[in-house]
1. Run down 316, 329 and say which single residue is exposed (fewer than 15 other Cβ atoms within 10 Å of the Cβ), modelled with pLDDT under 95 and assigned to a helix (DSSP H, G or I).
2. Among what's in segment 13-61 and is touching a Ser or Thr at 6+ places or on another chain (Cβ under 7 Å) and in contact (Cβ under 8 Å) with a residue 24 or more places away in the chain, pick the residue that is farthest from residue 190 (Cα to Cα).
3. Take residue 232 and tell me if it is within 21 Å of residue 176 (Cα to Cα), at pLDDT 95 or above and loosely packed, with under 13 Cβ neighbours inside 10 Å.
4. With the requirement that a residue be under 13 Å from residue 319 (Cα atoms), out of contact with any Leu (no Cβ under 6 Å at 6 or more places or on another chain) and either in a loop (DSSP other than H, G, I, E, B) or not β-branched (Val, Ile, Thr) (or both), what does segment 273-309 give you?
5. Out of 267, 255, 204, which single residue is more than 30 Å from residue 102 (Cβ to Cβ), among the small types (Gly, Ala, Ser) and either assigned by TED's automatic domain parsing to the domain that holds residue 173 or surrounded by 14 or more Cβ atoms within 10 Å (Cβ to Cβ) (or both)?
6. Tally up the residues in segment 235-252 that are among the charged types (D, E, K, R) and crowded, with 16+ Cβ neighbours inside 10 Å, please.
7. For residue 281, work out the one condition from (1) more than 24 Å from residue 31 (Cα to Cα); (2) surrounded by fewer than 20 Cβ atoms within 10 Å (Cβ to Cβ); (3) not hydroxyl-bearing (Ser, Thr, Tyr) it doesn't fulfil.
8. If only one of 168, 181 is part of a helix (DSSP H, G or I) and of a type outside the set (Phe, Trp, Tyr), which one is it?
Amino acid sequence: MSRQGKFEQWLKASLNLNEVTLEAIAGDASFRRYFHVLQAPGFLAVDAPPTSEKTQEFVDIARAFETQGVHVPHIEHFEPKDGFLIVSYLGETSYLQALQKDATQADKLYKDAMQGLSKIMHCPMAASLHLEKFDNSFMMRELCFFTEWFLRGYLKIDITTKTEQLLQNAYHVLIKQAESQPQVCVHRDYHSRNLIVCENNNPGVIDFQDAVQGPLTYDLVSLLRDAYVDWPLQQVEAWVQHFYKENIADEYDLGIEQFHQDFDLMGVQRHLKATFIFARKWLRDKDASYLNDIYRTLNYILAVLPKYPELHDFYEFMAQDVAPKFSLEQAS
């Protein structure tokens, strides 16, 4: 029996249905597939191959977050061997879709999202999940993927010994900054495509199976310097100040200037990661749908780097050798 046939058979048995009619819905940058079950509109069926997706982690984290009041999909049924899931359906409108339709909602939506982020940061069950640590080796692996997939793979840049040393120096600066931050529970993809607009307990939160113990500012920069939508500098600054006042000032021995610096440099690491993922989607999977977003991630990086003298050489490399070579024509 095909995987699809096995999936449909499992859905019928789990939902006590004689037949299932599936309607595919847009997914994300993974191998998971999502379906509406037309005979059971309150549920979402998920096919997440266990060889490529962290399905057990998704289930464990969902249950932990749910106890903390984070609005996540409730796990209705789970078949770990095959990676089949039935979860509660949070809704059809992502933050990205809502903001593209009406940007005047932004302040309310983002303050709701920051409140939800605070719940994740303080999840008391996170320690029992034994989340992977977003440490030196983890970050260096991701940064080296930027070298391999984007610089070498997509742009075809020749990485000389001098260039490699320049990159390694920059990577060590970013890693040191991240490691010096308070370490909390981190969603790791907390952005507008993974937040669902909900009437109650907004936002709904999805795609959290890659959660880690990591730097305090990681999720905040993912949210406010989003790879899929950007906001004026003044607005981002106001949101950072709001989050600092509500969640940082009284809890951590961290001044606002240090928090800003952590936020900035965490963002550079985050956007280097997003850039290589978007390039890899094209090179490995022949999916060009994310390439346009590289313009945004590169612009974020170029806007931040001039503020930090220790990253001057990296800035010059990114501005002179990298950004001018990026073109969608390479994917044609």
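The values are calculated or read from the model by the stated rules, or taken from the named source; none is laboratory data. In this text the structure is predicted, and so the values were computed from the model without any measurement. No Cβ is skipped: glycine too gets one built from the backbone with ideal geometry, and neighbour counts run over all protein chains shown.
1. The match here is 329.
2. Across segment 13-61, the extreme among qualifying residues is 39.
3. no
4. 295, 298, 299, 300, 302, 303, 306
5. Within the list 267, 255, 204, the selection yields 255.
6. The total comes to 0.
7. Result: residue 281 passes all but (1).
8. On inspection, the qualifying residue turns out to be 168.
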